[in-house]
Amino acid sequence: MKTFTNVKDLGDLNTAIQEALEVKKNRFAHKTLGENKTVMLVFFNSSLRTRLSSQKAAMNLGMNSMVLDVAQGAWRLETERGVMMDGDKSEHLLEAIPVIGAYCDIIGVRSFARFESKEDDCNEKILNQFIKYSGRPVFSMESATAHPLQAFADLITIEEFKPCKHPKVVLTWAPHPKALPQAVPNSFADFMNEADVDFVITHPEGYELDPKFVRNAKIEYDQKKAFEGANFIYAKNWAVFRDDAYGKILCKDMNWTVNAQKMSLTDSAFFMHCLPVRRNMIVTDEVIESPQSIVIPEAANREISCQVVLKRMLESLKVD
Ligand code: CP
């Protein structure tokens, strides 16, 4: 595996799930695979889970890990070509990337949507430069449009908790005080569309996601109707995607908060969220603290999804 940016990079999804479950059974089975190899984790944005789970996954494989927080301690990076660098940015990404590549074997990159240019976000301007110029395998730790490590962990979690062969999985928009990227819902849709599930997306009108990720998923604008008979409720906020209001908030309608009354419409559904979560905006205390909430095992599976990706990247380095 040379890149991990979307579901297709995993190849056959059932094989990937089985591999993840094997890794989880014995996460130290490949503890020498990463000997003398180093992963560099480059963060343009904050993180708790991704930072810790990626380092833990690397340790399980016997790798070294280094973390670069671009906003803290590194030179401020210019990302545009052709700019006269007479401002506060001391280094260009075009030098920084190959230098980072010189110190490691695999690179993870976190670079969120900036909501300054829809074109730049959709073209994954930062992540794709790492893929192009680093000379190393690169995995997304959440880019402008996708968070595949999260979605892979979500899929593993659904596999572990599903009460039937073909569960109903509902992705629901929920209110949030800030404009958030579409990366998590995009990747969740990307993975659910390939999984053996009945996938429904519910959101207020105006919050339609990129059709490239939605594909044939069912859209239901009535949240309560969407919840009926669901086995999993996956809550997430996202900002508007369409051109005329890209990155904007159209509503903070608290009627979309996931609460116990709505969960009672489901088939005893499990509650999921990628975390961090704004309590009593996205979901009530009661629901997130209920026995049906699986947000902690879901977060724990981030170690497993990352370990599968690192393992496959290390195996491909051995072949080269
Ligand atoms: N879910 C997730 O990616 O969490 P962090 O932003 O804390 O890494």
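The values are calculated or read from the model by the stated rules, or taken from the named source; none is laboratory data. Not measured: the values here are computed from a predicted model. Here the Cβ is made from the backbone with ideal geometry for all residues, glycine too, and neighbour counts use every protein chain on show. The area values use the complete protein model at the heavy-atom level, side chains included, leaving out ligands, DNA and RNA. Shrake-Rupley method; radii C 1.70, N 1.55, O 1.52, S 1.80 Å.
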task: Evaluate the distance, in nm, between pseudo-label points positioned 7 Å from the Cα of E315 and of Y133 along their respective Cα→Cβ axes.
output: 3.2
message: Rounded to the nearest 5, what % of DSSP beta bridges with both residues in segment 118-276 are antiparallel?
response: 0
Carbon plus sulfur fraction of accessible area for segment 101-191, probe 1.4 Å, in percent: 49
- prompt: When the helices in the chain are scored as -39500 (n - 2.57) per DSSP H run of 4 or longer and the sum is shared across all residues, what 222 nm value do you end up with, to the nearest 500 deg cm²/dmol?
  reply: -10500 deg cm²/dmol
- prompt: Could you give me the ³J(HN,Hα) list for segment 239-256, computed from phi with Karplus coefficients 6.51, -1.76, 1.60 and θ = phi - 60°, whole Hz, x at Gly and Pro?
  reply: 7, 5, 9, 4, 3, 6, 9, 4, x, 9, 9, 8, 7, 10, 5, 5, 5, 8
- request: Subtract the Cα-Cα distance of D244 and A260 from 0.36 nm times their separation in residues, and report this length gain in nm to one decimal.
  value: 2.3 nm
message: Which of the three applies to segment 1-53, rounded, prolate or oblate, going by the alpha-carbon gyration tensor with a ≥ b ≥ c and a/c under 1.5 meaning rounded?
response: oblate
List R76, R81, R302, ordered by accessible area with a 1.4 Å probe, largest first: R81, R76, R302
- line: Here, D198 and K218, labelled 7 Å along Cα→Cβ, have an inter-label distance in nm of 0.6
query: Based on the Cβ-Cβ distance from A102 to E208, what FRET efficiency comes out when R0 is 30 Å, to the nearest 0.05?
result: 0.10
- request: Among the trypsin sites (Lys or Arg not before Pro) in segment 157-253, which ones are in a DSSP loop with at most 16 other Cβ atoms within 10 Å of the Cβ? Mind listing them?
  value: K165, K178, R215, R242, K248, K252
query: Per-residue accessible area for E119 at 1.4 Å probe radius, Å² rounded to 10?
result: 130
message: Solvent-accessible area of S53, probe 1.4 Å, all protein chains present, reported in Å² to the nearest ten, please.
response: 10
task: With 26 Å as the limit, write out which pairs from K89/K132; K225/K252; K162/K218; K25/K224 have Cα-Cα distances beyond it, or answer none.
output: K25/K224
query: Tell me, what does the Kirkwood hydrodynamic radius of the chain come to in angstroms if you use every pair of distinct C-alpha atoms?
result: 20.2
